[in-house]
Amino acid sequence: MEPKVPEDIYKSHLENNRPSFGPSGGQVDSARQNLAASFVNGFVNAAFGQDKLITEDGNKWIYKNKEHGMMSTAASLGLVLLWDVDGGLTQIDKYLYSSEDYIKSGALLACGIVNSGVRNECDPALALLSDYVLHTNNIMRIGAIFGLGLAYAGSNREDVLSLILPAIGDSKSSMEVVGISALSLGMISVGSCNGEVTSTILQTMMEKSQQELKDTYARYLALGLGLTYLGKQEAVDATLAALDVLPEPFKHFAKILVDICAYAGTGNVLKIQQLLHICSEHIEAKVEDKKDEKDKDKKDKDKKSKDKESSEDSAADLAAHQSTATLGIALIAMGEEIGSEMALRSFGHLLRYGEPVIRKAVPLALSLISVSNPQLQILDTLSKFSHDTDPEVAHNAIFAMGIVGAGTNNARLAAMLRQLAQYHHKDPANLFMVRIAQGLTHLGKGTLTLNPYHSDRQLLSQVAIAGLMSTLLAFLDVKNTILGKSHYLLYGLVAALRSRMLVTFDEELRPLPVQVRVGQAVDVVGQAGKPKTITGFQTHTTPVLLAYGERAELATDEYLTLTPIVEGFVILKKNPDFEQ
């Protein structure tokens, strides 16, 4: 397939914008639009190994971005060369010798992205990135540490963990490096209850001052801790008790985040009820009471105004845990259809009656319920909130549209996003989000998915959840992360990327085209006899793309599958009883 350029995705010739006045008469070449184009280019050509922007003459394109933009642009090279360890690293290598630290850091992240989910005996990512984990420059640390987190996600390897653990306690590390280190540790030891990781992260949390814990990146300390216990349910209780020593409001936030990670995908109704209860609290009332008491003490006026400022500041901080609780409802309910539908209804109520903090998180929660599954009902809700008066709700709704349609090439969604691009063409922040969503919709030209459920939606990929959560958590404070300088957190999604192709091989692992029937999956659990497992099928020859909720079965008796579930890569063997 031809590599696509971002313009093929935007289709801006279909928009009827009047050309702006000025010498260019057209679009101004802005750094933010170039950054968006880098992400879109990476997402659309993901794993195809070639594109027209960065593999041909990368330096020219990279220098069209500013500082942190250079980092994300260089890292997008890793996305284009995804999973191609042998061929990819040679192309990234030249950027490791760049004079710009941002480009070097991006190249380090690209090395991690290329190795994401690939097991390799010679461990190229470890060899390349290990020297930079304690680099003097914090930018380099971030690229190397996040790269290691993506490359070894889910492996729980001692040698990689022992590299990153010192960075989290290092005095030179900024709060951002500490947060990213915790995230990477959580991704590597996801769902393993690794004692060393949990004790280090807990200790780091306890050492930080209350002011440091207000930092956005402090949230990643809690996420790293939660990911270590992903899906482990009761095993988390001791850690939750240990979190009690932290100062408010961070204590509340961390406890909920760790708790929801422990129950991710379980559909635990009691937990969801607790979370809904947390979302129904009205936080500001408490702040008002404090204000009244302060006003009673008749102190100088300027002191009063200072008090007011500090308490207004804390209103957002005090309610931060509610946004996590909202995400938690989706994270726990995403496991089964009925739970998701019920959660969808509760989100409707939260959107109408919830606090602003909750409203920001609801679009993200909606996207988590149906990742890569563009249901009309959800798309319409998100489309409505993409025009919201609160800019953060709008940003999150637009990004959520991208997650819901990730890799589906959904035509209706693409049209919605084009209209949004037209609507927001003067607002750079929203336009940036629209572009990212367009890139996600055409993820890998429609061959990849972000859905964490595989094997007929029975098994949950912990690494994929870790990747999704790392990106969604950044969107709870979108102005300081994705729209600020930490847009590289979008590469967390790399951990959740997988192909939705069905490819069949013979026993020597040579590709073997066979006829398969592809149709909507039917739930046949507990039915007697041999019920039909799919309905409304079409017959195709492999390789074939499977959409959400579709299932395939072999159309001939000539071959038998070695696995009971036909998706991804399937090995076939000849059927000994087959007669022509």
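The values are calculated or read from the model by the stated rules, or taken from the named source; none is laboratory data. All values derive from a computational prediction rather than experimental measurement. Quick reminder, even Gly has a Cβ in these numbers, built from the backbone with ideal geometry, and neighbours come from all protein chains shown. Areas reflect the complete protein model, heavy atoms only, side chains present, ligands, DNA and RNA absent. Shrake-Rupley method; radii C 1.70, N 1.55, O 1.52, S 1.80 Å.
Taking ILE62 and the conditions (1) within 20 Å of GLN438 (Cα to Cα); (2) out of contact with any strand residue (DSSP E or B) (no Cβ under 8 Å at 6 or more places or on another chain); (3) of a type in the set (A, V, I, L, M, F, W, C); (4) in contact (Cβ under 8 Å) with a residue 40 or more places away in the chain, which numbered condition does it fall short on, given that it satisfies the others? Status for ILE62: all satisfied but (1). The selection criterion, being closer than 24 Å to THR73 by Cα, open to solvent by 10 Å² or more (accessible area, probe 1.4 Å), modelled with pLDDT under 90 and among the charged types (D, E, K, R), does not hold for ASP388. Yes or no: THR324 part of a helix (DSSP H, G or I), under 17 Å from ILE403 (Cβ atoms) and of a type outside the set (Phe, Trp, Tyr)? Spelling it out, it is not the case that THR324 is part of a helix (DSSP H, G or I), under 17 Å from ILE403 (Cβ atoms) and of a type outside the set (Phe, Trp, Tyr). Within segment 99-142, the set of residues being closer than 16 Å to LEU489 by Cβ and either modelled with pLDDT of 90 or more or assigned to a helix (DSSP H, G or I) (or both) comprises TYR102, SER105, GLY106, LEU108, LEU109, ALA110, GLY112, ILE113, ASN138, ILE139, ARG141, ILE142. So, in segment 450-475, how many residues would count as being open to solvent by 10 Å² or more (accessible area, probe 1.4 Å) and either outside any helix (DSSP H, G or I) or at pLDDT below 90 (or both)? Going through segment 450-475 one residue at a time, the tally reaches 10. Among the residues of segment 396-414, the ones that are open to solvent by less than 40 Å² (accessible area, probe 1.4 Å) and in a helix (DSSP H, G or I) come to 11 in all. Restricting segment 435-449 to residues that are under 27 Å from TYR217 (Cα atoms) and within 13 Å of the chain's Cα centre (by Cα), the residue that is surrounded by the fewest Cβ atoms within 10 Å (Cβ to Cβ) is ILE436.
Given THR561, THR556, THR541, THR504, which one is of a type in the set (Ser, Thr, Tyr), on the phi < 0 side of the Ramachandran plot and open to solvent by less than 30 Å² (accessible area, probe 1.4 Å)?
THR504
A quick yes/no check of all residues on (1) modelled with pLDDT of 90 or more; (2) under 23 Å from the mean Cα position of the chain (by Cα):
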| position | (1), (2) |
| --- | --- |
| ILE168 | no, yes |
| VAL178 | yes, yes |
| ALA182 | yes, yes |
| THR198 | yes, yes |
| GLN210 | no, no |
| THR216 | no, yes |
| LYS232 | no, yes |
| ASP244 | yes, no |
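Count of segment 94-129 residues, restricted to those that are in contact with a helix residue (DSSP H, G or I) (Cβ under 8 Å, 6 or more places away or on another chain), hydrophobic (A, V, I, L, M, F, W, C) and open to solvent by 10 Å² or more (accessible area, probe 1.4 Å), is 4. Selection over segment 522-537 of residues that are surrounded by fewer than 17 Cβ atoms within 10 Å (Cβ to Cβ) and assigned to a strand (DSSP E or B) gives a count of 3. Residues in segment 224-241 that are out of contact with any Gly (no Cβ under 6 Å at 6 or more places or on another chain) and either among the acidic types (Asp, Glu) or open to solvent by less than 30 Å² (accessible area, probe 1.4 Å) (or both): LEU225, GLY226, TYR229, GLU234, VAL236, ASP237, THR239, LEU240.
Pairs are defined by a Cβ separation below 7 Å, a sequence spacing of at least 6 or placement on different chains, a first member in segment 181-203 that is at positive phi, and a second member that is open to solvent by less than 10 Å² (accessible area, probe 1.4 Å) and outside any helix (DSSP H, G or I); the pairs so defined are GLY191/LEU230.
Looking only at segment 247-265, count every residue that is open to solvent by less than 10 Å² (accessible area, probe 1.4 Å) and either aromatic (Phe, Trp, Tyr) or modelled with pLDDT under 90 (or both) and tell me the total. Matching residues across segment 247-265 total 1.
Can you tell which of LYS426, LYS479 is out of contact with any Lys or Arg (no Cβ under 8 Å at 6 or more places or on another chain), free of Cβ contacts under 8 Å to residues at least 12 places away in the same chain and assigned to a loop (DSSP other than H, G, I, E, B)? Exactly one of LYS426, LYS479 is out of contact with any Lys or Arg (no Cβ under 8 Å at 6 or more places or on another chain), free of Cβ contacts under 8 Å to residues at least 12 places away in the same chain and assigned to a loop (DSSP other than H, G, I, E, B), namely LYS426.
Among the residues of segment 564-580, those identified as surrounded by 15 or more Cβ atoms within 10 Å (Cβ to Cβ) and under 21 Å from LEU448 (Cα atoms) are VAL566, GLU567, GLY568, VAL570, ILE571. In segment 503-512 there is at least one residue that is touching a residue at least 60 places away in the same chain (Cβ under 8 Å), under 30 Å from MET187 (Cα atoms) and in contact with a Phe, Trp or Tyr (Cβ under 9 Å, 6 or more places away or on another chain).
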